[in-house]
Amino acid sequence: MTRILVTGASGFVGRQVIQQLLAAGHEVHAACGLQTLEGVANQYRVDLLVPGAAAALIGQIRPQRLLHLAWCAKPGTYWTSPENIAWVRATLELLEAFQLHDGEQAVLVGSCAEYDWSGEGICREYETPLRPATPYGRCKNASRELAELFGQLHGMPVAWARIFHAYGPYEAEGRLVPAVLGALFRGEPARCSHGEQLRDLLHVADVAAALVQLMNVRAEGTFNIGGGRPIRLREVIEYLARQLNAEHLLQFGAIPVAADDPPLLIADNQRLLATGWQPRFDLHSGLDDALAWWRGRI
């Protein structure tokens, strides 16, 4: 049994990570911010952006492993929020305290927004240029550079997990799957773009399993967290509508596509697959699971 601290534990991905770690029999400590989690004995309502909070939490728990998921994630604002800079500082403080108290390995969460989206669209960890276009992407990439350097200087394995496009239970309502389902459940038109964009969608439980696997194998370096194959967004939207007999409510082309929206953005996930990770859900079974969870909640 390993003593593990998970930050951002009450978030979209964090909830799944907590469930999987508890099921595996670990001693799990959950930093939840202002929210609480049912069935989790060791949880802490802590604001990691308060100076000294991260160090105090680490000193109290003395975890052997750290899974750091916490970051600003409010839909519509996180891309440009000044809070991104505060999270760079908090992440470094967390790592420093973790290493000081004999932490063994850390897994930190990044984003596909760190990559240059103007290229071919297939992102490879050590080949695709890193040219983030938003404060969010820039701060994530800055945290990665500092975290990797910190790990190298202190001889501590640090894995950086770049998540692409997750969906599933507890997803923010403004994102694609819950936004479409919300309109269809209410019997309202689902206004969409043309839907021809190709993206790398992965069920959130599979995202969480990837993070846990990186911890289990004491991984080091950067890993793309994605399914590795392009999925047309129109296919996702039409599948959800068919399950609800609501295809007549779809309005493709009602929302313009931003000029910088890439037509293709997917992960080369060969490094992740080499760790032994495999996804549990395919697209349709994953969407069915998301649909079952959202039914009655919107």
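When the residues of the stretch 6-21 are filtered to those that are assigned to a loop (DSSP other than H, G, I, E, B) and in contact (Cβ under 8 Å) with a residue 60 or more places away in the chain, the one that is surrounded by the most Cβ atoms within 10 Å (Cβ to Cβ) is 9. Taking into account only those residues within the stretch 179-205 that are hydrophobic (A, V, I, L, M, F, W, C) and closer than 13 Å to residue 234 by Cα, which is surrounded by the fewest Cβ atoms within 10 Å (Cβ to Cβ)? Among those residues, the one meeting the criterion is 198. Of the residues examined, residue 208 is one that is more than 20 Å from residue 127 (Cα to Cα) and surrounded by 19 or more Cβ atoms within 10 Å (Cβ to Cβ).
For the stretch 22-32, the set of residues classified as buried (at least 24 other Cβ atoms within 10 Å of the Cβ) and within 18 Å of the chain's Cα centre (by Cα) consists of 30, 31, listed by residue number. For the stretch 267-298, the candidate set comprises residues that are of a type in the set (Gly, Ala, Ser) and not in a helix (DSSP H, G or I); within that set, the residue that is farthest from the chain's Cα centre (by Cα) is 296.
Quick check on the stretch 224-245. Is at least one of its residues in a loop (DSSP other than H, G, I, E, B), modelled with pLDDT of 95 or more and either surrounded by 21 or more Cβ atoms within 10 Å (Cβ to Cβ) or β-branched (Val, Ile, Thr) (or both)? Break it down stepwise before answering.
Filtering the stretch 224-245 down to residues in a loop (DSSP other than H, G, I, E, B) leaves 226-230, 244-245.
Narrowing the set further to residues that are modelled with pLDDT of 95 or more leaves 226-230, 244-245.
Within this subset, residues satisfying the condition of being either surrounded by 21 or more Cβ atoms within 10 Å (Cβ to Cβ) or β-branched (Val, Ile, Thr) (or both) are 226-227.
Looking through the stretch 224-245, at least one residue is in a loop (DSSP other than H, G, I, E, B), modelled with pLDDT of 95 or more and either surrounded by 21 or more Cβ atoms within 10 Å (Cβ to Cβ) or β-branched (Val, Ile, Thr) (or both).
Out of 99, 35, one residue alone is at pLDDT below 95, over 29 Å from residue 227 (Cα atoms) and among the polar types (S, T, N, Q). It is 35.
The number of residues in the stretch 143-178 that are more than 20 Å from residue 117 (Cβ to Cβ), assigned to a loop (DSSP other than H, G, I, E, B) and either open to solvent by 50 Å² or more (accessible area, probe 1.4 Å) or free of Cβ contacts under 8 Å to residues at least 24 places away in the same chain (or both) comes to 4. Exactly one residue among 162, 124 is touching a strand residue (DSSP E or B) at 6+ places or on another chain (Cβ under 7 Å) and not small (Gly, Ala, Ser), and that residue is 162.
Of the residues in the stretch 60-76, at least one is touching a residue at least 12 places away in the same chain (Cβ under 8 Å), part of a loop (DSSP other than H, G, I, E, B) and open to solvent by less than 10 Å² (accessible area, probe 1.4 Å). In this structure, residue 135 does not satisfy being of a type outside the set (D, E, K, R) and free of Cβ contacts under 8 Å to residues at least 24 places away in the same chain.
Close contacts from the stretch 33-57, counting a first residue that is assigned to a loop (DSSP other than H, G, I, E, B) and a second that is aromatic (Phe, Trp, Tyr) and open to solvent by less than 40 Å² (accessible area, probe 1.4 Å), with Cβ to Cβ under 6 Å and a gap of 6+ residues or different chains, come to none at all.
The values are calculated or read from the model by the stated rules, or taken from the named source; none is laboratory data. Here the structure is a predicted model, which means the values were calculated and not measured. Using ideal geometry, Cβ is built from the backbone for each residue, glycine included, and neighbour counts are taken over all protein chains shown. Ligands, DNA and RNA are excluded from the accessible area calculation, which covers all protein heavy atoms including side chains. Shrake-Rupley method; radii C 1.70, N 1.55, O 1.52, S 1.80 Å.
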